[in-house]
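The values are calculated or read from the model by the stated rules, or taken from the named source; none is laboratory data. Note that the structure is a prediction, hence the values are computed from the model and not measured. Neighbour counts run over all protein chains shown; Cβ positions are idealised from the backbone, glycine included. In case anyone asks, the SASA skips ligands and DNA or RNA and just uses the protein heavy atoms, side chains included. Shrake-Rupley method; radii C 1.70, N 1.55, O 1.52, S 1.80 Å.
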Amino acid sequence: MSRSAELGSARKDPSNQTPGVLPEGAALRTIQRRRKRILRIGVVVLLVLVAGSQAMAERQSELHDMIEATGLFAIGVCIFGRGWCSLYIGGRKKTELVTTGPYSSCRNPLYVFNMIGAFGVGAQTGSIVLGCLFAGLCWMVFRNVVAHEEALLSERFGKAFRYYQNTVPRFRPTWFRWRDEENLLCKPALFLTTTRDAMWFLAAGPIFEGIKLMQEKGWLTPLIHLP
């Protein structure tokens, strides 16, 4: 067997991998599963908080309706934004460094839209404070996830990713950096899946309305009142 063939065989042989080190794909999936697990726990904690709190603005007041409408608008932005990002990422995240469209002004636009949606969910309670709290929880979770993802991307794409990392902010959009493509190769199934998943944000409205009704009927007793 030639030397090159031996090297090729060694690369393919799983037994030659460093013990305890996961392949890139497996490591990324582990990070994503951890993120989803933390988010589920966070959602349960926040639901308990919503059940034990009440917005200072009365449920039938204009201020309450305005906060809810702002939250609904934020959820709409989230749904649109997630679908928009999926047109560019298109399943290429694992094989290609995407730096155009929304990814040219922000390294993690999909997560930014999730945070906007989280604010919208919290605002469905009629409380700006809860809206900011929901968004803050998302930011904390995504900041940790992104740090691990960027380490993997740095290993995979090397100097190209480090240049991208140094010139484009992690979460804060900078529109003057915008660059686009003339043509996009899109995956409709991925677009539909990403948009469908974002529709779950709309469930916050009826769920929180149910909690408000239970509070009014005395089935739940709010312990704190939030602006």
For the stretch 52-74, which positions are part of a loop (DSSP other than H, G, I, E, B) and in contact with a helix residue (DSSP H, G or I) (Cβ under 7 Å, 6 or more places away or on another chain)?
Ala57, Glu58, Arg59
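Here is a yes/no grid of residues against (1) in contact with a Ser or Thr (Cβ under 8 Å, 6 or more places away or on another chain); (2) buried (at least 17 other Cβ atoms within 10 Å of the Cβ):
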residue	(1), (2)
Pro102	no, yes
Val112	no, yes
Ile116	no, yes
Leu130	yes, yes
Phe134	no, yes
Arg143	no, no
Gly158	no, no
Tyr164	yes, yes
Here is a check on your reading of the model: is Val121 among the aliphatic types (A, V, I, L, M) and in contact (Cβ under 8 Å) with a residue 12 or more places away in the chain?
yes
Spot the failing condition for Thr195; the list is (1) under 30 Å from Thr70 (Cα atoms); (2) hydroxyl-bearing (Ser, Thr, Tyr); (3) at pLDDT 90 or above, and only one is missed.
(3)
Is it the case, given these coordinates, that Arg170 is in contact with a helix residue (DSSP H, G or I) (Cβ under 9 Å, 6 or more places away or on another chain), open to solvent by 80 Å² or more (accessible area, probe 1.4 Å) and among the charged types (D, E, K, R)?
no
Checked pairs for the stretch 207-219, first assigned to a helix (DSSP H, G or I), second open to solvent by 90 Å² or more (accessible area, probe 1.4 Å), C-beta under 9 Å and 6 or more apart or across chains, list as Leu213/Trp219; Gln215/Thr221
Breaking point among (1) without any contact (Cβ under 8 Å) to a residue 24 or more places away in the chain; (2) assigned to a loop (DSSP other than H, G, I, E, B), for Trp200
(2)
